[in-house]
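Novice: Could you have a look at this structure, given as structure tokens, before my questions?
The values are calculated or read from the model by the stated rules, or taken from the named source; none is laboratory data. Here the structure is a predicted model, which means the values were calculated and not measured. For neighbour counting, all protein chains shown are included, and Cβ atoms are generated from backbone atoms with ideal geometry for every residue, glycine included. Please note that ligands, DNA and RNA were not included when accessible areas were found on the heavy atoms of the full protein model with its side chains. Shrake-Rupley method; radii C 1.70, N 1.55, O 1.52, S 1.80 Å.
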Amino acid sequence: MRAARLHEYTHDMSDGLSIDEVDKPQVSGSSDVIVEVEGAGWCQTDNHIIEGMWEEYVPQPLPMTLGHENAGTVLEVGEEVELVSEGDQVICHPVQSCGTCRPCRQGETMYCENDAFNGLTTDGGFADELHTSERSVIPLPDGIDPTTIAPHADAGITAYHAVKKAEDGLNPGDTAVVIGVGGLGHIGLQCLESMSAADIVAVDLKESARDLASDLGAHYTLDPESDDVASEIEDITDGVGAARVLDFVGADETTQLAPDICAAGGDHHIIGYGGHIHEPAQALVNGEFSFVGNIVGRYAELQELVALVERGEVTLHTSRYDLEDVNEVAQKLENREIDGRAVITP
Ligand SMILES: [Zn+2]
Ligand SMILES: [Zn+2]
């Protein structure tokens, strides 16, 4: 079968991955599930993996097939699998958790001590077929297209997970700021709109992203190039500041907004990454705001997100590409030429 594989780390996105002919994955364990990939979302993390940014954080056996936002149709299952059978359509949580370690027992499947992560530590879904397990697949409700929903497997639950944390303590009348209305941000904004009654301010450099934010329910939009974001938010909140900031960019320019835009006791959630946090400790003491880290949501949160999608509360803005176009997609994302999410259709 075909697979888009990373052979060595590079900053040249024009030839990051190569399309190789590889053996099809086989059922080897009793809980294995083999999925014919119908959609695999391309993520900023894929660019970061190609650049080698994850090398020191996780084991990465190269060559490795990337792609962690996968959905498709079940081809074959191990003998003990009961949740799904051949022909079922599924979305695949990227983490194959063990189910028996303490974090798994607590439902924190993202902290699993024995996990394999498709497209990050083991082969992913930029390929005709994907090897995963019963613990990672969620059957799709009728009428939900796997190609369309695929990016929710990571982009979606990461955004949902952050919003679910941020939404706790976010009251009607409070203000939430969404920085970056791209692949994750446009999902987070819809989750926020559906789960809270806060006023939503969306911040993005691109006019098309600000227009999308307005369409999806943002009450205010700001252009950081022409607007003074801190003083605009001060005006919008009558000097209180934002109770929650959801930073889907995570660049130096966005993390440094925190002391000026967070309300006393507020949280600045870091979801996008790439930049650094350089704030004086005193700024956190004075405002008692917090920086909050976020990783991919757990399995149960993907079920919750699928329920929101089924209700029509969250829709994905996607564009589709052939497997052969992976490097073109990587370049376009690097140049901020992709609105919403690119989905590879092997
Ligand atoms: Zn991702
Ligand atoms: Zn575990």
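Novice: Need the failing condition index for residue 110 against (1) within 16 Å of ligand 1 (Cβ to nearest atom); (2) at pLDDT 95 or above; (3) open to solvent by 20 Å² or more (accessible area, probe 1.4 Å), just the number.
Specialist: Answer for residue 110: the failing condition is (2).
This table checks each residue for (1) assigned to a strand (DSSP E or B); (2) in contact with a strand residue (DSSP E or B) (Cβ under 7 Å, 6 or more places away or on another chain).
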residue: 254; (1), (2): no, yes
residue: 264; (1), (2): yes, no
residue: 269; (1), (2): yes, yes
residue: 272; (1), (2): no, yes
residue: 278; (1), (2): no, no
residue: 295; (1), (2): no, no
residue: 302; (1), (2): no, yes
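Novice: Could I ask something else about it? Under the condition of being open to solvent by 50 Å² or more (accessible area, probe 1.4 Å) and out of contact with any Leu (no Cβ under 8 Å at 6 or more places or on another chain), which residue from the stretch 89-107 is nearest to ligand 1 (Cβ to nearest atom)?
Specialist: My answer is 106.
Novice: Being open to solvent by less than 30 Å² (accessible area, probe 1.4 Å) and within 16 Å of ligand 1 (Cβ to nearest atom) is the requirement here; does residue 42 meet it?
Specialist: Yes; evaluated as a whole, the condition is true for this residue.
Novice: A follow-up question, please. Could you list, in sequence order, the residues of the stretch 211-249 that are part of a helix (DSSP H, G or I), touching a Leu at 6+ places or on another chain (Cβ under 8 Å) and surrounded by fewer than 22 Cβ atoms within 10 Å (Cβ to Cβ)?
Specialist: Of everything in the stretch 211-249, those that are part of a helix (DSSP H, G or I), touching a Leu at 6+ places or on another chain (Cβ under 8 Å) and surrounded by fewer than 22 Cβ atoms within 10 Å (Cβ to Cβ) turn out to be 229, 230, 232.
Novice: Considering 155, 166, 150, which residue is of a type outside the set (Phe, Trp, Tyr), more than 16 Å from ligand 1 (Cβ to nearest atom) and touching a strand residue (DSSP E or B) at 6+ places or on another chain (Cβ under 7 Å)?
Specialist: None of the other options fit; the residue is 166.
Novice: Another question, if that's okay. Out of 307, 330, 342, report the one residue that is open to solvent by 40 Å² or more (accessible area, probe 1.4 Å) and of a type in the set (Gly, Ala, Ser).
Specialist: Testing whether each residue is open to solvent by 40 Å² or more (accessible area, probe 1.4 Å) and of a type in the set (Gly, Ala, Ser) leaves just 307.
Novice: Pick from the stretch 54-80 the residues that are assigned to a loop (DSSP other than H, G, I, E, B) and surrounded by 21 or more Cβ atoms within 10 Å (Cβ to Cβ): which of them is nearest to ligand 2 (Cβ to nearest atom)?
Specialist: Only one residue fits best here, namely 68.
Novice: Against the condition closer than 21 Å to residue 158 by Cβ and touching a helix residue (DSSP H, G or I) at 6+ places or on another chain (Cβ under 8 Å), how does residue 44 come out, does it pass?
Specialist: yes
Novice: Does any residue in the stretch 318-346 that is more than 13 Å from residue 46 (Cβ to Cβ) come within less than 8 Å, Cβ to Cβ, of a residue that is part of a strand (DSSP E or B) and open to solvent by 40 Å² or more (accessible area, probe 1.4 Å) six or more places away or on a different chain, and which pairs are these?
Specialist: As it stands, the answer is 323/2; 323/19; 324/19; 340/318; 345/38; 345/320; 346/2; 346/38, since those pairs meet every condition given.
Novice: Of everything in the stretch 93-117 that's part of a helix (DSSP H, G or I) and in contact (Cβ under 8 Å) with a residue 24 or more places away in the chain, which residue is nearest to ligand 2 (Cβ to nearest atom)?
Specialist: Here the residue is 109.
Novice: Only residues that are part of a loop (DSSP other than H, G, I, E, B), open to solvent by 30 Å² or more (accessible area, probe 1.4 Å) and under 24 Å from residue 323 (Cβ atoms): list them for the stretch 118-143, please.
Specialist: Answer for the stretch 118-143, where residues must be part of a loop (DSSP other than H, G, I, E, B), open to solvent by 30 Å² or more (accessible area, probe 1.4 Å) and under 24 Å from residue 323 (Cβ atoms): 121, 123, 128.
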